[in-house]
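The values are calculated or read from the model by the stated rules, or taken from the named source; none is laboratory data. Just so you know, these numbers come straight off a predicted model, no measurement behind them. Backbone-built Cβ (ideal geometry, glycine too); neighbour counts: all protein chains shown. Areas reflect the complete protein model, heavy atoms only, side chains present, ligands, DNA and RNA absent. Shrake-Rupley method; radii C 1.70, N 1.55, O 1.52, S 1.80 Å.
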Amino acid sequence: MPINWFPGHMNSTRQAIKDRVKAGLDVVIELLDARLPGSSSNPLLAALTTGRPSLKVLNKQDLADPTQTTAWLDYYNAQAHTRAIALDAGDKAPARALIKACRELAPLRGDMHKPLRVLICGIPNVGKSTLINTLVGKRAAKTGDEPGITKLEQKFVLENGFYLFDTPGMLWPRIAIAQSGYNLAASGAIGRNAFDEEEVALELIAVLKRHYPERLQQRYGLTELGTDDAVLEAIGAKRGAKVRGGGVLMHKAAEALLMDFRGGALGCITLETPDEMTAWRRAAAEEEERKAAEAEAARLADKERRSGKRKSSSGDAETSA
């Protein structure tokens, strides 16, 4: 799904991360959405912080499928210089485990002479500000249910010799994996003006029909699941999104489904598996290679045409002489 949403402050976020890396950085915490742990991982962040140990935090685990959360933790923990834990941002005891994990990733730092410098990042609306408030023990960071609440870098001292730097939530300029675009939109990470809610809802229905069909049936009292459009129409009818004459307002039905997913009314759901994400990334890379090859072929063909025109013009001039 094409997504064009890269507000100006995200450029400043990218620069702030670059500056933080230059100033000194020991560990990067990337807060992920446990319902879409692959799609919510920022490839731009990985490029900006290459070589730094990484702590992947799967937030909102209470909304995710526990079996899939375990699979994703195993996937990330198998990567070099990476640790992964799952938690709920508002629960203080698991949140404190972050400090221990960071110290283990950078064991030679962490006192007043060599403080541990940790950067926490995440896509918009993933719960980063809530987690910081839980760690700090007060309302230190603004929270909200819309992307882009944090606008400036902030610094917090969690313990003696432990500095936590926060940056605004940051997406990447172009989302190459179509499925990731849909999953990010369904989770609320992308501003609602940047996508078509009905299109996203239909894609969400397709995923739910494959992996959690009983959730759709139980939530909306459906005896059978027809086409994706038919399911969305039935949801609209069940939720009162009707118009005079018996029709259904499909955009209202889409809003109802997305709100139910985001709020957990459909139960514990994970939209992607590690194997699916690996396959999507491979397909996206192959598509990028294909497009690059086509662009290069077009460039060479254009160059050859221009060269042919020059030779023809030169030949015509010699004949005239």
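Observations on the model:
- Gaussian network model of the chain, Cα within-10 Å springs - most flexible of ASP33, ASP91, ASP302: ASP302
- Förster radius 45 Å - calculated FRET efficiency between MET112 and ASN193, Cβ distance, rounded to 0.05: 0.45
- Of all accessible heavy-atom area on the range 160-315, the percent that carbon and sulfur account for (1.4 Å): 49 percent
- Candidate lysines for bridging to LYS155, where Cα separation is under 26 Å - those fewer than 8 sequence places away on the same chain excluded: LYS18, LYS22, LYS56, LYS60, LYS92, LYS100, LYS114, LYS128, LYS138, LYS142
- When the Cα positions of ASN183, LEU158, SER307 are compared along the charge dipole of the chain, LEU158 comes out farthest toward the positive end, with charges on each C-beta of Lys, Arg, Asp and Glu.
- With θ taken as phi - 60° and the Karplus curve 6.51 cos²θ - 1.76 cosθ + 1.60 applied, the whole-hertz 3J(HN,Hα) list for the range 205-215 is 4, 4, 5, 5, 5, 6, 10, 9, x, 5, 5 Hz, x standing for glycine and proline.
- Once the Cβ-Cβ distance of HIS211 and GLU159 is raised to the sixth power relative to R0 = 41 Å, the FRET efficiency obtained is 0.50.
- Aspartates and glutamates with Cα under 17 Å of LYS291, excluding same-chain neighbours fewer than 8 positions away: ASP302
- Helix-only mean residue ellipticity at 222 nm for the chain, each DSSP H run of n ≥ 4 adding -39500 (n - 2.57), per residue, nearest 500: -16500 deg cm²/dmol
- Rolling a 1.4 angstrom probe over the range 20-60 with all protein chains present gives an accessible area of which 54% lies on carbon and sulfur atoms.
- Taking a ≥ b ≥ c as the square roots of the eigenvalues of the Cα gyration tensor, an a/c ratio of 1.5 or more together with a/b no larger than b/c marks the range 39-115 as oblate.
- Choice from ARG20, ARG282, ARG117 showing the highest fluctuation, given a GNM over the chain with Cα pairs closer than 10 Å: ARG282
- For the chain, a crude dipole built from +1 on the beta carbon of Lys and Arg and -1 on the beta carbon of Asp and Glu, taken about the Cα centre, is about 1180 debye to the nearest 20.
- Karplus-derived HN-Hα couplings along the range 16-30 (A = 6.51, B = -1.76, C = 1.60, θ = phi - 60°), whole Hz, x at Gly and Pro: 4, 5, 4, 5, 5, 4, 5, 6, x, 8, 9, 9, 10, 9, 10
- The share of C-alpha pairs in the chain whose separation exceeds 30 Å stands at 43 percent.
- Accessible surface, the range 37-127, averaged per residue in Å² (probe 1.4 Å): 44 Å²
- Probe 1.4 Å, protein heavy atoms only - accessible area per residue of the range 159-287 in square angstrom: 45 Å²
- Packing-based ranking of 120-127, 51-58 yields 120-127, 51-58, ordered from highest to lowest mean Cβ neighbour count within 10 Å.
- For the chain, built as a Gaussian network whose Cα springs stay under 10 Å, the top-fluctuating residue of ARG103, ARG192, ARG210: ARG210
- Net charge of Cβ neighbours under 12 Å - reference LYS100; Lys, Arg +1; Asp, Glu -1: +1
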